[in-house]
Amino acid sequence: MKGMRQTSALLAGCVLALAGCAGMESSGGDMTFFVTSTGPGKGGDLGGLEGADKHCQSLAEAAGAGKHTWRAYLSTQATGGLSDPKFVNARDRIGPGPWHNAKGVLIARNVEELHSPAANVKKETTLDEKGRLVNGRTEQPNMHDMLTGSRPDGTAFPGQPFPDMTCGNWTKSGTEGSAMTGHHDAAGPLPSTPWATSWNSSHPTRGCDPEGIKSTGGNGLFYCFAEK
């Protein structure tokens, strides 16, 4: 009898230890980061930042994560010249972190870590709001280009007279203009080249229309973060 009690106590201790380890690896399913499963359907025209944020919020609510305030990871460019301060940095609008995907896996603890080599942004972790993987570079159709309009540190590109990197601040859906994208699977044609593997600043789209965006490996998808 004494041996049975000792064995039971040992098993109980093991269960508690495993539960503690599991808690260290996940957030208990509280999703605070995802890739949109679909775009609004108009290429680079997301309805501006407001429309993109609403799209994130709508998808999150449908997935049961509507208690958070969601923000699209997108920058905008100034339109009044280089001295115009009216631009938005993607990194400044997503809150302080930490962020976890739909499976509870940690993406980054804070903004600085998100924009460092320690960020856990790769194909296996950048799930959509339903917890599903998104097609990468080696799959068909390739959808690894995520709209960001951002530089590697999460800041905006200079505005006019320099090239459009935000599809007219997310209002254009034609062949004019372009948008900077990142590779959610950290994969590109040159594996050792930073631009090819960057999750947030890889290359511009070929136009802002849906077909132009698809032609370079995207589907008008973007990242959503819980601001709070």
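The figures follow:
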{"read-out": "Relative contact order (%) - the stretch 26-103, alpha-carbon pairs under 8 angstrom, separation at least six", "value": "41"}
{"read-out": "In Hz, Karplus ³J(HN,Hα) per residue of the stretch 151-168 (6.51, -1.76, 1.60; θ = phi - 60°; x = Gly, Pro)", "value": "7, x, 8, x, 9, 6, 7, x, x, 3, x, 7, x, 6, 10, 9, 6, x"}
{"read-out": "For semi-axes √(5λ) of the Cα gyration tensor in Å, calculated from these coordinates, the label among (1) 23, 21, 17; (2) 38, 18, 16; (3) 51, 19, 15", "value": "(2)"}
{"read-out": "Placed amide H near H203: partners under 5 Å, 5+ positions off or other chain", "value": "T181"}
{"read-out": "Accessible-area composition of the stretch 111-228, carbon plus sulfur, in percent [1.4 Å probe]", "value": "55"}
{"read-out": "Built amide H within the under 5 Å cut-off of L127, gap 5+", "value": "V35, A102"}
{"read-out": "Value at 222 nm in deg cm²/dmol, rounded to 500, when DSSP H runs of n ≥ 4 in the chain each add -39,500 (n - 2.57)", "value": "-7000 deg cm²/dmol"}
{"read-out": "The chain, relative contact order [Cα under 8 Å, separation at least 6], %", "value": "27"}
{"read-out": "Rounded if a/c under 1.5, otherwise prolate or oblate - the stretch 123-228, Cα gyration tensor axes", "value": "rounded"}
{"read-out": "Cα gyration tensor, the stretch 134-188 - rounded (a/c under 1.5), prolate or oblate", "value": "oblate"}
{"read-out": "Heavy-atom accessible area per residue - the stretch 139-202, 1.4 Å, Å²", "value": "42"}
{"read-out": "Amide H contacts under 5 Å for L221, placed H, 5+ residues apart", "value": "L147"}
{"read-out": "0 to 90° range, to nearest 10: angle between helix 2-25 axis and the chain longest Cα axis", "value": "10"}
{"read-out": "Which listed pairs, of K86/K123; K103/K172; K86/K130; K54/K214, have C-alpha distances above 30 Å, in listed order", "value": "K86/K123; K103/K172; K86/K130"}
{"read-out": "Computed over the stretch 69-129, the ratio Rg/Rh where both radii use C-alpha atoms and Rh is Kirkwood", "value": "1.07"}
{"read-out": "Accessible area in square angstrom per residue, the stretch 68-130, 1.4 angstrom probe", "value": "46"}
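The values are calculated or read from the model by the stated rules, or taken from the named source; none is laboratory data. Treat the numbers as computed from the prediction; the structure is a model and nothing was measured. Surface accessibility is based on the protein's heavy atoms, side chains included, excluding ligands, DNA and RNA. Shrake-Rupley method; radii C 1.70, N 1.55, O 1.52, S 1.80 Å.
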